[in-house]
Amino acid sequence: MSKVKNPTIRDIARIAGVSTATVSRAFAKPDQVAEPTRTRVLDLADRLGYRLNMRAVDFRHGRTYAIIVLVSDIANPFYSEFFKGIEERARADGYILLIGDTAGDATSEETYVGMLLTGRADGLIINTGFCPESLAEPFARSPSSMLPPVVSCADLDGLDVPTVRIDNYRSSQLAAEHLLGLGHRRMAVICGSLSIRGFADRLAGFADLVRQAGGVIPDDMIVTGRMTIESARALTTTLMTRDDPPTAIFAHSDEMAMGALHALRNLGLRVPEQVSVVGYDDMNYAKVVTPALTTIHLPRRLWGATACQQLLLQVGSGDRVQRNIDMPTELIVRQTTAPPPR
């Protein structure tokens, strides 16, 4: 059999006629795989040219002292404090951090998940907003005792693992409470992709509270785009040129809020005298822009540290791991919100 270029555990599983979980156990936990199956898998891996980097493993403890963090866009400044929290906690226990940028690339995702499943990393933290396809299969088929440690930073369909999450539904209601309290009734929401559960929850929480207060957000006041300044700027321009524009905008990220502020300035509209804006994240720049941004604060460094703590508990005995932890959030009122114009 000729070697496969850059073979993966999926290639081995497909040709051997076994699951990817079985392949991963043949490498990482060989005592849990029947001898004929284990021999077939290892021989096939050798013939395909697949190599497990066993030099990275501490044989005394069966650990690599490396953990993987998967995010959707490593260039997003949101993740800097999140990474810092993980790194500080990991380093305290002698672990190194491997950062994986999936960027919607299934091959990149599979590479990092393959490292986990074949024992080249001790655990995985996921903060992508969706379940990696290459991870869903082994977790659906294998007993939990045979699976590597994983912590998710959101509830993910198809992945039943401990979560350290933001309650996006309740957090967005803080923004709605604030704007309703100021007297706003005609409000718009600039959303991230609603196929991602976190953004769908942000919209639902905000809209539900407005509904409970006797109001409604018209469909044409709910717009969806990329999590960029440019996208939000275009969406805001469209919103504000309608016949009955909003008096307040809730943006699903601070970066989108920056785009909204830029568009409003280009349209000659004053913030907050004519239009109020609320962001989400409380990035470092939110307090230094002019006007300073009212936003929902997420404790990103604490979030990362807590996720890492829960992962390392799994890497150890598995004791004391909490299934679900909600991180605290709060509304930070600054200079971009005020009562609507009369």
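The values are calculated or read from the model by the stated rules, or taken from the named source; none is laboratory data. This one's a predicted model, so the numbers in the text were calculated from it and none came from an experiment. For neighbour counting, all protein chains shown are included, and Cβ atoms are generated from backbone atoms with ideal geometry for every residue, glycine included.
Points to keep in mind about this one:
- Among the residues here, Val151 qualifies as in contact (Cβ under 8 Å) with a residue 60 or more places away in the chain, within 13 Å of the chain's Cα centre (by Cα) and assigned to a strand (DSSP E or B).
- Some residue of segment 227-246 being outside any helix (DSSP H, G or I), of a type outside the set (Val, Ile, Thr), farther than 16 Å from Asn76 by Cα and modelled with pLDDT of 95 or more: yes
- Any strands (runs of 3 or more DSSP E) falling wholly within segment 157-226 and containing at least 1 residues that are more than 24 Å from Pro328 (Cβ to Cβ), without any contact (Cβ under 8 Å) to a residue 40 or more places away in the chain and touching a Ser or Thr at 6+ places or on another chain (Cβ under 7 Å): 222-224
- Of all the listed residues (Ala263, Ala257, Ala307, Ala251), the sole one being in the same structural domain as Tyr65 (by TED's automatic domain parsing), at pLDDT 95 or above, of a type in the set (A, V, I, L, M) and buried (at least 18 other Cβ atoms within 10 Å of the Cβ) is Ala307.
- Test: residue in segment 119-137 that is in contact (Cβ under 8 Å) with a residue 40 or more places away in the chain, over 21 Å from the mean Cα position of the chain (by Cα) and in a loop (DSSP other than H, G, I, E, B): yes
- Taking the numbered list (1) at positive phi; (2) modelled with pLDDT under 90 in turn, Gly183 passes all entries but (2).
- When segment 234-255 is filtered for residues that are within 14 Å of Thr336 (Cα to Cα) and within 25 Å of the chain's Cα centre (by Cα), the ones remaining, listed by number, are Ile249, Phe250, Ala251, Asp254.
- Residue within segment 323-330 that is outside any helix (DSSP H, G or I) and without any contact (Cβ under 8 Å) to a residue 60 or more places away in the chain present: yes
- Unique match (being in a loop (DSSP other than H, G, I, E, B), out of contact with any Phe, Trp or Tyr (no Cβ under 6 Å at 6 or more places or on another chain) and over 22 Å from Val216 (Cα atoms)) among Arg334, Arg301: Arg334
- Residue in segment 164-183 that is farther than 19 Å from Phe82 by Cα, among the aliphatic types (A, V, I, L, M) and under 15 Å from the mean Cα position of the chain (by Cα) present: no
- Any hit, segment 185-202, residues being out of contact with any strand residue (DSSP E or B) (no Cβ under 8 Å at 6 or more places or on another chain) and more than 22 Å from Phe130 (Cα to Cα): yes
- Count of segment 286-326 residues which are charged (D, E, K, R) and under 16 Å from the mean Cα position of the chain (by Cα): 3
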